[in-house]
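Read through the structure below, which is laid out as structure tokens, and then see the notes.
The values are calculated or read from the model by the stated rules, or taken from the named source; none is laboratory data. For clarity, every value in this text was computed on a predicted model and none was experimentally measured. All Cβ positions, glycine included, derive from the backbone under ideal geometry; neighbour counts span all protein chains shown. The area values use the complete protein model at the heavy-atom level, side chains included, leaving out ligands, DNA and RNA. Shrake-Rupley method; radii C 1.70, N 1.55, O 1.52, S 1.80 Å.
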Amino acid sequence: MAAYADDIRLLQTRGGYQSFDLIRLKPDDPERAESRKKFLSEHIHSDDGVRYCIEGQGQFYIRTGDYVHALEVTVGDLISVPAGALHWFNGGEKPSFTAIRLFTTPDGWAATFTGAGLPGNIPLYEGER
Ligand SMILES: [Fe+2]
């Protein structure tokens, strides 16, 4: 985190983000199947949030109306997920993904799951090609 302190400070200043954390998914994590299931569940956050990928890759899906936008994220990519945006994440069966997440409130990371099924016509991300 220290290596990204300047980047974090800049994002906090520009976006008003008050909290941040580090999320890391590793291919040898014994709980990766359970984590994948959780991240593959559609949810929202009450805060605007930023994810800054610093290691690996993965794919975010954002649903807007009848459309699902699939965004592959790799090292150096930064995405903003607006408050209330329906979304989910897939790092593949053997995920390798590390990101700094920033939120506008200390509890912004908390997710509210919609319980909606995922569209069956969208291919799942299988990780690094
Ligand atoms: Fe999320």
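Worth pointing out:
- Under the condition of being within 15 Å of the ligand (Cβ to nearest atom), open to solvent by less than 50 Å² (accessible area, probe 1.4 Å) and in a helix (DSSP H, G or I), the residues counted in the range 1-40 number 3.
- Condition check for residue 98 on (1) outside any loop (DSSP other than H, G, I, E, B); (2) modelled with pLDDT under 95: one failure, at (2).
- Against the numbered list (1) touching an Asp or Glu at 6+ places or on another chain (Cβ under 8 Å); (2) within 13 Å of the ligand (Cβ to nearest atom), residue 112 comes up short only at (1).
- Selection from the range 46-86 of residues that are on the phi < 0 side of the Ramachandran plot and out of contact with any strand residue (DSSP E or B) (no Cβ under 7 Å at 6 or more places or on another chain): 46, 64, 66, 67, 82, 83
- Taken over the range 49-79, the residue count meeting the criterion of being open to solvent by 70 Å² or more (accessible area, probe 1.4 Å) and within 16 Å of residue 101 (Cβ to Cβ) is 2.
- With a requirement of 2 or more residues that are aromatic (Phe, Trp, Tyr) and within 13 Å of the ligand (Cβ to nearest atom), the strands (runs of 3 or more DSSP E) lying completely within the range 41-89 that satisfy it span 49-64.
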